[in-house]
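Chemist: Dropping a structure here in structure tokens format, bear with me for questions.
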């Protein structure tokens with residue numbers, strides 16, 4: 001079970017590299033979460049893994065703010 005809802009996905013800020021809002025939040029079999037932008041030619045994967053989806057969403061959004069100068 002993925003344990004990720006549409007509500008969780010709506011909390012993610014757009015990809016800081018391409019602006020895509022159709023991001024995916026995944027839960028691996030080992031229970032760790034990560035964010036992936038699957039837009040063609042971007043394919044950014046936040047290569048940091050978190051034990052909770054809340055931590056993962058927060059870290060993604062903070063990273064997006066840093067990259068975008070916010």
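Chemist: What distance in nm separates the simple spin-label points at residue 9 and residue 51, each placed 7 Å from Cα in the Cβ direction?
Modeler: 2.8
Chemist: Next question, about the same structure. Relative contact order for the chain: what is it in percent, counting Cα pairs under 8 Å that are at least 6 residues apart?
Modeler: Details: 98 pairs, mean separation 19.9, N = 70.
Once normalised by length, the contact order is 28 percent.
Chemist: Order of 24, 6 from fewest to most other C-beta atoms within 10 Å?
Modeler: Result, fewest neighbours first: 6, 24.
Chemist: Please arrange 9, 23 by counting, for each residue, the other beta carbons lying within 10 Å of its beta carbon, fewest first. Please list the in-between numbers first.
Modeler: Details: 9 15, 23 19.
Fewest-to-most ranking of 9, 23: 9, 23.
Chemist: Same structure again: Taking only DSSP H segments of four or more residues, each worth -39500 (n - 2.57), what value at 222 nm results for the chain once the sum is divided by all its residues, to the nearest 500 deg cm²/dmol?
Modeler: -8500 deg cm²/dmol
Chemist: Moving on to the next point. Tell me the label-point distance for the pair residue 17, residue 67, using the 7 Å Cα-to-Cβ offset, in nm and rounded to one decimal.
Modeler: The answer from the label model is 0.6 nm.
Chemist: What do you get for the angle between helix 53-67 and the principal long axis of the chain? Use alpha-carbon atoms, 0 to 90 degrees, nearest ten.
Modeler: 10
All of the numbers you see were taken from the coordinates with simple rules; none came from a lab. Everything quoted here is computed from the prediction, not taken from an experiment. Reconstructed Cβ throughout: ideal geometry from the backbone, glycine too, with neighbour counts over all protein chains shown.
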